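Note sheet for the following structure.
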Amino acid sequence: MITQVKKKRLRLYKDRLNILLDIAQTINQDHSVDDLLAEFEILLREELEVGKILVFTNSDGQWKNLLISGVSAEEVEKIDVERDLLQYKSIENITLSPPASLQGFDAVIPLFHRYRAIGYVLIGDVEEEHHGISPTIKHLKLIQIISNLIIVFIENKRMQEAVLEQEALKKEMEVASKIQNQLIPSTEDLPSLKKLSLQAFYHPHWGVGGDYYDIIPLSRHTIGFCVADVSGKGISAALLMSNFQAVVRTLFTAGINMKKLIHQLNQRVNSSANNEKFITLFIGKYNLRSRRLVYVNAGHLPPLLFDRRKSHLISLDQGCIGLGMLDVIPAVEVGKIKIPKNAKLMAFTDGLIELERDNEVQSGLMNIEKIITNHKSIEANMEEAKQLVALHLESGAIFDDISLIGMEFK
């Protein structure tokens, strides 16, 4: 025979089972987080008669308020999760002797997932005339189960959205990388000249980069070339560099005065970068007939010019400050040099020589000087430089973009 007590207990179990089924169905329907929290609040307040609800959740190592209902801002501000709640490892009834910061609450319900604390639920009543044990105490285990289901669902949803965002960003980066690689000429795209052998290498550290090189036929007997580096990394640096490349191609002509070119480029960089970034640049103009090179080094690493006949290594360092550092560049010094026959030149960005070892940045300039100061062809020198880059990439020493131009003046 079923007693009234058993009937009441069965009805209670049935009600709890229905509540769990409703929550599970809501979760399976993949409602938004806001809709799920609204339904959770209605369940606690109307079905289980919980007057005060405060839910903390841990996301990316930070404790945040997930749900506040029937609780004043002053009550929320008094609570510090790490100080007041981390001590609770199981459901705790605090009705009779709550800590000072938890006054007005009847129970602390810790939430765990894979043995890690992921949240805490504080519940209480709002009737001021109520004394003694709260009637909501009988629902604590059910509230814990439901809360765990909801918070785990929300965390999984957040992680899923983060994965989708990363995938979308990855695809965008791949597209950006393809576009940027099309803008930067490959070795096959470089001009083919009898009196000048040209080589180039480009490696963006993060798919897209702020490095740039270009070699531009300016006239029948004049070649322009440049190597540049935007401060910073990533998409913003790549966008600025793409814009800068278009500007260089527009302004750099055979007859332009190099000082005028630098001032115009500086003005364009200032308008594009809004004083947030700057560009270091080496830009040169070489006449194949006269063998005369005019150049400006705008705060960039000096290219290395090796005279084979004299076994003499020269740094091309005449110029000015970087572009975008000041609204107006105060002085520009134009370098002029007659290139000896069979001389070789390497122009590069700092990613080639700044290497990270044991959390310290070390210079690899001597390695590049060693590569170029010999009687091998520039093609052989460039292959050796690429092999060196491959070794540094394998060891994790390289942490920046790399651009490299090799030239042999025959």
Next item on the list: Step through the residues of the stretch 242-248 one at a time and calculate ³J(HN,Hα) from phi using the Karplus curve (6.51 cos²θ - 1.76 cosθ + 1.60, θ = phi - 60°), rounding each to whole Hz and writing x for Gly and Pro.
Entry: 5, 5, 5, 4, 5, 5, 4
Item checked: For the stretch 265-410: span of alpha carbons on each principal axis (Å, largest first) -> 47, 44, 19
Checklist line | Normalised contact order of the chain, rounded percent, pairs of Cα under 8 Å and 6 or more residues apart | finding: 12
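In the stretch 66-130, what chymotrypsin sites (Phe, Trp or Tyr not before Pro) fall in a loop by DSSP, with at most 12 other Cβ atoms inside 10 Å? Walk me through the intermediate numbers first.
Working: sites: TYR88, PHE105, PHE112, TYR115, TYR120; in loops: TYR88, PHE105, TYR115.
Answer in residue order: TYR115.
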Check: Can you tell me the Rg and Dmax of the stretch 333-410, counting just the alpha carbons, in angstroms?
Finding: 14.0, 43
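Give me the number: length gained by fully extending ASN65 to LEU391, i.e. 0.36 nm times residue separation minus the C-alpha to C-alpha distance, one decimal in nm.
Length difference between fully extended and current span is 112.5 nm.
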Note to self: Using the Cα centre of the chain as origin and beta-carbon charges of +1 (Lys, Arg) and -1 (Asp, Glu), tell me which of LEU36, GLY124, LEU198 is placed farthest towards the positive end of the dipole.
What the structure shows: LEU198
Note to self: Considering only protein heavy atoms and a probe of 1.4 Å, how much of the accessible area of the chain is carbon and sulfur, as a whole percent?
What the structure shows: 51
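Can you pick out the pairs among LYS260/LYS285; LYS195/LYS338; LYS259/LYS285; LYS195/LYS259; LYS259/LYS410 whose Cα atoms lie more than 18 Å from each other? Could you put the intermediate results ahead of the total?
On the way: LYS260/LYS285 14 Å; LYS195/LYS338 14 Å; LYS259/LYS285 12 Å; LYS195/LYS259 27 Å; LYS259/LYS410 28 Å.
Beyond 18 Å between Cα atoms: LYS195/LYS259; LYS259/LYS410.
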Check: In the P(r) worked out for the chain, what percent of Cα pairs fall beyond 34 Å?
Finding: 53
Notebook entry, point to check: In a shell of Cβ-Cβ distance under 12 Å around PRO185, excluding PRO185 itself, what net charge do Lys and Arg (+1) and Asp and Glu (-1) give?
Noted result: -2
Notebook entry, point to check: Angle between the Cα long axis of helix 33-42 and the longest principal axis of the chain, 0 to 90 degrees, nearest 10?
Noted result: 10
Margin query: Mean-square fluctuation check for the chain, GNM, Cα pairs under 10 Å: which of ILE321, ILE283, ILE337 is largest?
Written below: ILE337
Item checked: Using a Förster distance of 22 Å, the FRET efficiency for THR187-SER377 (Cβ separation, nearest 0.05) -> 0.95
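For the chain, what is the accessible area per residue in Å² when the probe is 1.4 Å? Walk me through the numbers before you get to the answer.
On the way: 21850 Å² over 410 residues.
Value returned for the chain: 53 Å² of accessible area per residue.
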Next item on the list: For LYS141, LYS194, LYS410, write out the residues from largest to smallest accessible area, computed with a 1.4 angstrom probe and no ligands counted.
Entry: LYS194, LYS141, LYS410
Item checked: Value of relative contact order over the stretch 187-228, rounded to a whole percent, pairs C-alpha under 8 Å and six or more apart -> 29
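The values are calculated or read from the model by the stated rules, or taken from the named source; none is laboratory data. What you see is a predicted model, and the numbers here were worked out from it, not measured in a lab. Cβ sites come from the backbone with ideal geometry, for glycine too, and all protein chains shown count toward neighbours. What goes into the accessible areas is simple: the full protein's heavy atoms, side chains included, and nothing from ligands, DNA or RNA. Shrake-Rupley method; radii C 1.70, N 1.55, O 1.52, S 1.80 Å.
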